[in-house]
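The values are calculated or read from the model by the stated rules, or taken from the named source; none is laboratory data. All figures in this text were calculated on a predicted structure; none of them were measured in a lab. When we count neighbours, we look across all protein chains shown, and the Cβ atoms used for this are built from the backbone with ideal geometry, even at glycine. For the accessible areas, the whole protein counts, side chains as well, though only heavy atoms, and no ligand, DNA or RNA atoms are used. Shrake-Rupley method; radii C 1.70, N 1.55, O 1.52, S 1.80 Å.
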Amino acid sequence: MFNKKFMEELFKPQELYSKKALRTVYDRLAHASIMRLNQASMDKLYDLMTMAFKYQVLLCPRPKDILLVTFNHLDAIKDFIRDSPNILNQVDETFRQLIDMYSCLSAGEFQLIRQTLLIFFQDMHIRVSIFLKDKVQNSNGRFVLPLSGPVPWGTEVPGLIRMFNCNGDEVKRAEFTNGGNYISPQREGSFDLYGDRKLHIKFSIKAENAAPNPLAKEELNFLARLMGGLEIKKPNGSEPGFRLNLFTTDEDEEYAALTRPEELSYKVINIQATQDQQQNEELARIMGEFEVTDQPRQSTSRGDDLLAMMDEL
C-alpha cells in the first residue's frame, strides 16, 4: 500500500476519483493482503470505511484539521507495524510527502478540499449499527453533530458580539447564548512527523464485550450429549435447557403454524439426547478407530517430506 511507485502516482495532481474508481482501488488494497472477503462482507466494510471517514470530516473544527485526520490514521498504522522497519520507513516517507505538499496550503485551499470531500459523500447516508447505537447517526443515515467541545484553534468561544465604528474602534459589546457547551482549545494539534494531534473525533468501532448468552452453554451441552461425551443432568423444572425457534417471536411461530397449508405440514421431530452407558462405550470404540498413530520416518529434505505426505494421501 505504501509502495514508492504507488505513492508517487497518488501524489500527482489529478481529479477526484469517482465512487466506482474508489471502490475498485479499495477492493484491490483489501485483497492485496492475506484477507479474503466475499462480496457482502466487502460491501459492509466499504460502507463502514466511507461513513466513518465522512463522520471524521464533518467533525473537523476547521478545514486544516483534515490533515490531522490523515496523520492520525497514519499514526494508527505505525502502531501496527512497529516490528517492521522497512514498512515503517515507507509510512514515514508518506508522512514527509504529506507535510511537504499540504502544510503550506492556505485556509481557503483547505476549505476547498473539505468542501470537495463533503460533496463526494453528500449522497451517502448508509446506516451503521455502531453509529446508530452511539446515537451519532439518525435512522435516516444523517449524522448528529455535537453542540459541545473545543472550538477551532485561533478562534474564541461564541457568545460575544463586538461592534466597531468607521475608524475601527470598538464602541459596543453584546452577549448572547450560544446554545452549546464550547471550550477554548489548549493548544494546536501537531502537524509534525511525531506529536499529539489533539483530535477529539476519535471513536472505536470495536465490538463491545456483550453479556454472555445463557443459551450458548446449553446448546454446546446438547451437542455434547448427542456425541455421548457428557453426563445427563436433568433440569429442575420440566422445561428443557433451550428451545430452537427460527422465528423472531413465539407469536410469529404460532401464526405461521396456523396459516401453513395442510399439505405442507410435517410432524414435530423430537431428538432424544439421552444415551445409556452401552451406547457411550460403542461410540467411544468408534471414535477410537479414527485415531492415527504417528509413524516415525526419516527424510533427507523437505521435498522428501512432501512426497511422503502425498503418498499417504
- Query: Looking at the stretch 184-202, is at least one residue modelled with pLDDT of 85 or more and among the charged types (D, E, K, R)?
  - Reply: no
- Message: Here is a check on your reading of the model: is residue 41 closer than 29 Å to residue 128 by Cα, surrounded by fewer than 11 Cβ atoms within 10 Å (Cβ to Cβ) and small (Gly, Ala, Ser)?
- Response: no
- Message: Show me the helices (runs of 4 or more DSSP H) found entirely inside the stretch 1-101 where at least 3 residues are over 17 Å from the mean Cα position of the chain (by Cα), over 22 Å from residue 153 (Cα atoms) and among the hydrophobic types (A, V, I, L, M, F, W, C).
- Response: 4-10, 19-31
- Message: So for the stretch 79-100 (the condition being among the polar types (S, T, N, Q), farther than 19 Å from residue 7 by Cβ and buried (at least 17 other Cβ atoms within 10 Å of the Cβ)), does at least one residue qualify?
- Response: no
- Restricting the stretch 156-183 to residues that are open to solvent by less than 70 Å² (accessible area, probe 1.4 Å) and part of a loop (DSSP other than H, G, I, E, B), which is nearest to residue 96 (Cα to Cα)? 157
- Looking for whichever is under 27 Å from residue 124 (Cβ atoms), modelled with pLDDT of 90 or more and out of contact with any Gly (no Cβ under 7 Å at 6 or more places or on another chain) here; the options are 9, 93, 109, 15. Which one fits? 109
- Note on the structure: Flagged in the stretch 113-125 as among the aliphatic types (A, V, I, L, M) and surrounded by 12 or more Cβ atoms within 10 Å (Cβ to Cβ), in numbering order, are 113, 117, 118, 124
